[in-house]
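Read the figures in this text as sums done on the coordinates, not as results from a lab. Everything numeric in this text was worked out from a predicted model, so none of it was measured. Glycine also receives a Cβ, built like all others from the backbone with ideal geometry; neighbour counts cover every protein chain displayed.
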Amino acid sequence: MTSTSTDFKETLKQQADIVRIVGDYVKLKKAGAQNFSGLCPFHAEKTASFSVHATRQFFHCFGCGESGDVFTFIQKVENITFPEAVRLIAQKLGVPLPKLSFSSPAEARDAQVRTALLDVHVRATQFFQDCLRRPEGANAREYLKGRGLDDETIARFRIGFAPDSGFVLRDALRRDFDEELLRASGLFSWKESSQLSALSSQEKPVLRSAQDDNSGEGVTESRELRAESSAAIYSKFRNRVMFPICNDQGKVIAFTGRTLSTDEKAGPKYLNSPETAIYSKSRVLFNLDNAKEAIRKLDYSILVEGQMDCISVYAAGFHNVIASSGTAFTEPQAKLLGRFSKNVVVNFDPDTAGARATERTLGLLVEEEFNVKIITLDPGFDPDLYLRRKGKDAYGSAIKHSQKYFDYLIDRARVQFPPRNAESKIKAVNHLLPHIQRVPNRIVRDGLALEIAQKLGIDSKVLRQELKNVVTNRSATAVKTGAETQITGAERVLIRALASATEIQASSTRSSARDGTDEELDPARQAQYALQSEYLYEGLASQSLIEALLEAGSEAPDVMALPKNEEDRRLLASVLMHEEEDLTPETVEGAVRALRRIYLRRRQEEVQRAFQRPGISMEEKRELLQENLRLKRALMDPGLAEAAGQAS
Ligand SMILES: [Zn+2]
């Protein structure tokens, strides 16, 4: 860690009031002694489940589980990296930046590599564009013309051509970039050293094995190879039309290459860059850089499957179009898209070969609370073909007549299971249920249940009620809220006490001035001692959270970073958001007594159960009776009885 940047981050965090910073993005209302709440910017909601803790300086959404400090918030809401978030917050506060805001030399080096990789891609893009204009690019130009793309579109999407030779690009880039970087760029392949001698005599590498080799994971082993021969690396993309893939800032970070060879050895029809330090395919949406403004303005996006479809739709004047690049949508992609609009018109046919990927994509969009509509084109038409045959007006009208996703599903279920009798109605309902249970909002689900009942002509009261029950009680929601409702007041007090360890450390001067800090009165230590020595939290709903807090002791600077899973983070946030009264040694002591009581009662139940086990020996019975008596006496202890009213 470079101390300057860490210090700067800490100073900045102290100066930045999270309530004010978040307030720029979310309308916050005071909701308690130290917390504020508002509508979550990370998921769609109508009632506020997004909370900000003013003194502890963290946010937590009880709806979607997003959580973190002021830096995390800015990173997520702006979709930027950590150093960028630091810079942005510094700007908001008018604090001058230190020269480097990387938290470690490794991070600085990574950033350097990423910048250099972006440069490699700028140069490669130019190279491919040049090649497209040269005589050797004739076939590629022909192909693009055949797809109906004009010069303007080709220029806008920076489409190019990768020549057949595997060495031209390498030689062009080698002057400015070292080979290790080229290997890390995802643009090149290479042979293992045993194959080098065979390769050096050949002008061109063998095409067949070039497509499926090691260029992704080989990066780390590259050092020895580099020393032996630089002839080993060659272009991964050969004789292909090159479509750049950009991040949402418009920087080229990868390519898709469409082969022009008819030869079966040419490899896959479409070849994509592997994942690199700048390209993670699950986080990129094709054309989002061009489309984002239009998506924001029109408040909906058009989602198509392939890049070619996307380019055609864009060229026809529908600028709010993006593509998922053939694979199923991922959660980061949905979140990324959701930043611009939560309305999406999906234009791929759920009945095609990729039906399962399509269904996953649609399911994910529903889970992320998008309003999904479906465009149905005439059978056999993809958007590209449809536009070329029928024109943009027809496509515009298809968008206008797109159908709500659930209407579309109900229609399909009715075709598949014609609702002639009760039995086929139930079949249709069961077919629809998994789709509907993805909807996070209960009220929306209730509405859907009603709609299904109407559209499938279900008059039976019993069946209607059944449908409503199944739809309303999503098992996932029941699990999610579990720990929170199960924990006792005593556990809440002790969790607060344990969490206060970090608070006390951070403001030690203040607390010692207040009451002379007698070590005996530190509620964190008091709770730690009692919980650890008696293991009272065993088997409680809060066990894993308490363990995580105990493990950290008073070392942790950020208490919200301690929970080991979502559930526990949610629980901790909920406890901390509701800390109203002060923690005193008496409340902590009362909570410990309440846990002892819970522990004794549970032990008593165990003893009684053991007593009734068949085949139990007389001696065991005697021991159990004795323990039962001990437990009874312990429970009658006046010290324990008094605690019951206080904290459980
Ligand atoms: Zn949320």
Normalised Cα Rg of the range 100-173, dividing by 2.2 N^0.38 Å with N its residue count, works out at 1.49
Between the modelled labels at GLN14 and LEU93 (7 Å from Cα along Cα→Cβ) the distance in nm is 1.0 nm
In this structure, among LYS265/LYS292; LYS46/LYS373; LYS13/LYS297; LYS269/LYS292, pairs with alpha-carbon gaps over 27 Å are LYS265/LYS292; LYS13/LYS297; LYS269/LYS292
Rounded to the nearest 0.05, FRET efficiency between GLU451 and MET636 (Cβ-Cβ, R0 45 Å) equals 0.15
Residue span GLU586 to ASP171: 0.36 nm per residue of separation minus Cα-Cα distance leaves a gain in nm of 141.8 nm
Per the rule of 0.36 nm per residue minus the C-alpha distance, extending LYS400 to SER282 adds in nm 39.5 nm
At the level of C-alpha centres, the distance separating the range 559-630 and the range 34-103, in angstrom, is 36 Å
Note, PHE36: beta-carbon cut-off 9 Å, +1 each Lys/Arg, -1 each Asp/Glu, net +2
Under the rule rounded for a/c under 1.5, else prolate if a/b exceeds b/c, else oblate, using alpha carbon gyration tensor axes a ≥ b ≥ c, the range 29-80 is classed as oblate
With R₀ set to 35 angstrom, the calculated FRET efficiency between the beta-carbons of GLU623 and GLU547, to the nearest 0.05, is 0.70
The long-range amide H neighbours of PHE255, using H built 1.01 Å from N in the peptide plane and a cut-off of under 5 Å, are ILE245, SER273
For the pair GLU534 and GLU275, the simple spin-label estimate (label points 7 Å beyond Cα toward Cβ) gives in nm 4.8 nm
Debye calc, one equal point scatterer per Cα of the range 5-126, no solvent, log10 I(q)/I(0) at q = 0.09, 0.21 1/Å comes to -0.32, -1.13
Residue span GLU293 to ARG442: 0.36 nm per residue of separation minus Cα-Cα distance leaves a gain in nm of 50.4 nm
Cα-Cα pairs in the range 1-62 separated by more than 18 Å, as a whole percent of all pairs, come to 40 percent
Given 606-619, 272-285, 429-442, 295-308, the highest-first ranking by average Cβ count within 10 Å works out to 295-308, 272-285, 429-442, 606-619
Here the Cα Rg-to-2.2 N^0.38 Å ratio for the range 299-444 is 1.07
Other residues with Cβ under 13 Å from the Cβ of LEU624 give, with Lys and Arg +1 and Asp and Glu -1, a net charge of +1
Note, GLY23: beta-carbon cut-off 14 Å, +1 each Lys/Arg, -1 each Asp/Glu, net +3
Diffing the range 526-534: the Karplus 3J(HN,Hα) column from phi (6.51, -1.76, 1.60, θ = phi - 60°), in whole Hz with x for Gly and Pro, holds 4, 5, 4, 4, 5, 5, 6, 6, 10
Each label sits 7 Å from Cα toward the beta-carbon; between ARG141 and ASP263 the label points are separated, in nm, by 2.4 nm
Non-local residues with an amide H under 5 Å from the amide H of ASN343, with H modelled 1.01 Å from N and Pro and chain starts lacking one, are SER301, ASN371
In whole Å, largest first, the alpha carbons of the range 539-628 cover along the principal axes 55, 30, 22
